[in-house]
Amino acid sequence: MNDARSRRLFATAQDLFPGGVNSPVRAFKSVGGTPRFLVRGEGARVYDVDGREYIDYVGSWGPLILGHADVEVTSAIQRAAASGSSFGAPNPAEIELGRAIRSAMPSMQLMRFVSSGTEACMSALRLARAFTGRELIVKFDGCYHGHADAVLVNAGSGALTLGVPSSAGVPASLAALTVVVPYNDIAALERVFKDHHDTIACITIEPIAANMGLVLPQPGFLPAVVDIAHRHGALVIFDEVITGFRVAHGGAQSLYGITPDLTCLGKIIGAGLPVGAFGGRADIMRRLAPLGDVYQAGTLSGNPIAMAAGVSQLRRLAQPGAYERLESLGAALEAGLRALLHAREIPAQLNRVGSIFGLFFNGQPVLDLACVMRSDAKRYAAFFHAMLERGVYLAPSAFEVGFISLAHSPADIDDTIAAAGQSLGVTAVAARS
Ligand code: PMP
């Protein structure tokens, strides 16, 4: 494979950035090999410095639900940029995006924009602690809520890939305030509340776990989370950084008909520009400065270019048929991959919700992190490289998910399935040798 330029750039990058990257999973550490340096994206495709083209299922880790360099989003960004990049003052685009979000997610009665998912999650936790006057938080094993200290405890995503579920540098005294429960385990959650019931401020959860591969909530699990929390006076925070505007216009909360107290959103509401938001019950949100006593701020919060990009993207997602199309592309990919796995008798679990999918080389259903860790990550790495070789760019880690965009065509899905047919053959040989 011709990756000479990527190799050269990666060598140079190591001299500037730890591990040559500015976010760990990009380094290909868990799949091996050299990360591709990308120079261009268009629709469902990305192009690397060596002139190779890939059908992209990373989509900047989710936000590019319209595909790369969407014409309308790009012109909205250009128009906004021409009027100034940042004011550090209120601007009308904040209101437009805020309205678009609240009409999709009415539970976000009041919200605040931030610049990343990490910030959204971190701020929501502070608010929940202040509102309840309690300090403990409950999170689920393998869920990722950004890299703030409080939630870098048994976290997913890069923390999982690199085998450092709890980062060095997180004070033990702070980590001790985070109680970790297996995903989908209602009995364990009950036990934790029995032990700590009036000291738990909130449960924070990915309503569909997408940072340990894709792990779906089992029927009854999310309602139980809300019920247990509320019975004990704790709040429920849905981290919809991945699922918001992705699994349905109203996110996982509308898909499952569950109303959290607070919601965190991320990159998708900025169409790939640095944005996040948290919001929810007005009585809770009113505790935020300048109304209340919970401090939270950001120079670039509500950035006009990011707001304009988000408004443009959400407008398109509100059009009839958007999620039906994503579902039909997802269903086609699932059916094709399932048929291949079945025909070759490969022990695998293909989890999917709408346009998010996750493939585990694992013979048993995957319900929590313990199941995830029993999957064959080496086989995923071989599959990943075989797919890359054939022009399909999957997540460079067995513990991440794939994203389909509205720019993917049925022909792209067919080509992906054809590539998978060849790649699974190669990985079967690799697995045996
Ligand atoms: N929460 C979830 C569920 C995420 O998947 C992520 C990152 N993908 C974050 C929070 C953190 O977002 P960011 O990387 O924008 O800080």
- Query: Given Leu337, Leu273, which one is out of contact with any strand residue (DSSP E or B) (no Cβ under 6 Å at 6 or more places or on another chain) and either within 16 Å of the ligand (Cβ to nearest atom) or farther than 21 Å from Met108 by Cβ (or both)?
  - Reply: Leu273
- Query: Of these, Ile95, Ile101, which one is surrounded by fewer than 20 Cβ atoms within 10 Å (Cβ to Cβ), over 24 Å from Ala419 (Cα atoms) and not hydroxyl-bearing (Ser, Thr, Tyr)?
  - Reply: Ile95
- Message: Checking the structure you have, find out if any residue of segment 399-406 is in contact (Cβ under 8 Å) with a residue 12 or more places away in the chain, open to solvent by 20 Å² or more (accessible area, probe 1.4 Å) and either farther than 22 Å from Ala27 by Cβ or in contact with a Cys (Cβ under 9 Å, 6 or more places away or on another chain) (or both).
- Response: yes
- Message: Going through Val49, Val58, Val39 one at a time, which residue ends up being open to solvent by less than 20 Å² (accessible area, probe 1.4 Å) and either out of contact with any Pro (no Cβ under 7 Å at 6 or more places or on another chain) or of a type in the set (D, E, K, R) (or both)?
- Response: Val58
- Message: Restricting to segment 3-35, name every residue that is open to solvent by less than 20 Å² (accessible area, probe 1.4 Å) and among the charged types (D, E, K, R).
- Response: Asp3
- Return only the number of the condition from (1) farther than 17 Å from Ala308 by Cα; (2) part of a helix (DSSP H, G or I) that Ser107 does not satisfy. (2)
- Message: Of the residues Phe140, Phe131, Phe87, Phe113, only one is out of contact with any Ser or Thr (no Cβ under 6 Å at 6 or more places or on another chain), within 14 Å of the ligand (Cβ to nearest atom), of a type in the set (Phe, Trp, Tyr) and touching a residue at least 12 places away in the same chain (Cβ under 8 Å); which?
- Response: Phe140
- Query: Which residues, counting only those in segment 250-259, are buried (at least 19 other Cβ atoms within 10 Å of the Cβ) and on the phi > 0 side of the Ramachandran plot?
  - Reply: Gly251
- Report yes if Ile203 is closer than 18 Å to Pro260 by Cβ, hydrophobic (A, V, I, L, M, F, W, C) and in contact with a Pro (Cβ under 7 Å, 6 or more places away or on another chain), otherwise no. no
- Task: For residues that are part of a loop (DSSP other than H, G, I, E, B) and among the hydrophobic types (A, V, I, L, M, F, W, C), tally how many sit in segment 266-296.
- Result: 5
- Number of the condition not met by His147 [criteria: (1) over 29 Å from Gln319 (Cα atoms); (2) in a loop (DSSP other than H, G, I, E, B); (3) open to solvent by less than 60 Å² (accessible area, probe 1.4 Å); (4) not small (Gly, Ala, Ser)]: (3)
- Task: Quick one: in segment 150-160, of everything that is in a helix (DSSP H, G or I) and modelled with pLDDT of 85 or more, which residue is nearest to the chain's Cα centre (by Cα)?
- Result: Val151
- Item | When residues of segment 247-268 are limited to those that are within 11 Å of the ligand (Cβ to nearest atom) and in contact with a helix residue (DSSP H, G or I) (Cβ under 6 Å, 6 or more places away or on another chain), the one farthest from Ile228 (Cα to Cα) | Gly266
- Task: Could you pull out the residue among Gln364, Gln349 that is touching a Pro at 6+ places or on another chain (Cβ under 7 Å) and assigned by TED's automatic domain parsing to the domain that holds Gly62?
- Result: Gln349
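The values are calculated or read from the model by the stated rules, or taken from the named source; none is laboratory data. Predicted model only: the values in this text are computed from it and were never measured. Every residue, glycine among them, receives a Cβ derived from its backbone with ideal geometry; neighbour counts consider all protein chains shown. Heads up: the accessible areas ignore ligands, DNA and RNA and are worked out on the full protein's heavy atoms, side chains in. Shrake-Rupley method; radii C 1.70, N 1.55, O 1.52, S 1.80 Å.
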